[in-house]
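Nothing in this text is a laboratory measurement; each read-out follows from the coordinates by a stated rule. Quantities reported herein were computed from a predicted structural model and do not represent experimental measurements. FYI the Cβ positions are ideal-geometry reconstructions off the backbone, even for glycines, and counts take in every protein chain you see.
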Amino acid sequence: MAKRGVRLVYGGGSIGIMGLLADAVIRAGGSVYGVIPGHLHETEIAHGGLEQLIVVDSMHARKQRMFELSDAFVALPGGIGTLDETVEIVTWRQLGLHDKPIFLLDDGGYWQPFLALIDHFIAEDFSRPAIRQLYQVVADVDHLMAALERAPPPGRRAQTERL
């Protein structure tokens, strides 16, 4: 990310996979912004080495601020919080609230159960097949970086059909 000039915007913690990613980007000389709600500032042990750490009032404000700072979204393997953020950003795109690219980093098939659930929504007629166009599944970091480089800047994509 640092080598390619890609800024990391994430939840601002120093623990877990995202804390490790932030450390790696910082070590490589990259730009890292964190957005953390005040109530998690201590629990998630806010990262002290970020270019910018933004403390907000709530989880909703966190997601909104991260959205505003980001040109694209990447869902790494994670837990329920990652699922929440991923579903919300896909939903916002489905509703036409943004046209920023969304990538699921499917390392080792991690996102396959989620993709099966999307297929289930489609099979049960709760979603149209075009919902799959709202995100791109990438197998590894190399494919992710290539996809990010190919993605046009926000506001320059075709209007997403309402799904």
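Report the gain in length on full extension from residue 43 to residue 21: 0.36 nm times residue separation, minus Cα-Cα distance, nm rounded to one decimal.
Computed gain between residue 43 and residue 21 is 6.1 nm.
Go through the stretch 93-154 and name the chymotrypsin sites (Phe, Trp or Tyr not before Pro) that are in a DSSP coil and have 11 or fewer other Cβ atoms within 10 Å of their Cβ.
For chymotrypsin sites (Phe, Trp or Tyr not before Pro) across the stretch 93-154 that sit outside H, G, I, E and B with at most 11 neighbouring Cβ atoms in 10 Å, the list reads 126.
Please report the antiparallel percentage of the DSSP beta bridges confined to the chain, to the nearest 5.
5
Could you work out the helix-only [θ] at 222 nm for the chain, with each DSSP H run of four or more residues adding -39,500 (n - 2.57) and the total divided by the number of residues, to the nearest 500 deg cm²/dmol?
Using -39500 (n - 2.57) per qualifying helix, the result is -11500 deg cm²/dmol.
Full extension from residue 58 to residue 120: what is 0.36 nm times the residue separation minus their Cα-Cα distance, to one decimal in nm?
19.1 nm
Please determine, in degrees from 0 to 90 and to the nearest 10, the orientation of helix 59-69 with respect to the longest principal axis defined by the Cα atoms of the chain, where the helix direction is its Cα long axis.
90
According to the square roots a ≥ b ≥ c of the eigenvalues of the Cα gyration tensor, what is the shape class of the stretch 1-69, taking rounded for a/c under 1.5, prolate for a/b larger than b/c otherwise, and oblate for the remainder?
Taking the square roots of the gyration eigenvalues as a ≥ b ≥ c, the stretch 1-69 is oblate.
Send over the per residue convex hull volume for the chain, Cα only, as a whole number of Å³.
115
By how many degrees, between 0 and 90 and to the nearest 10, does the Cα long axis of helix 80-94 differ from the longest principal axis of the chain?
50
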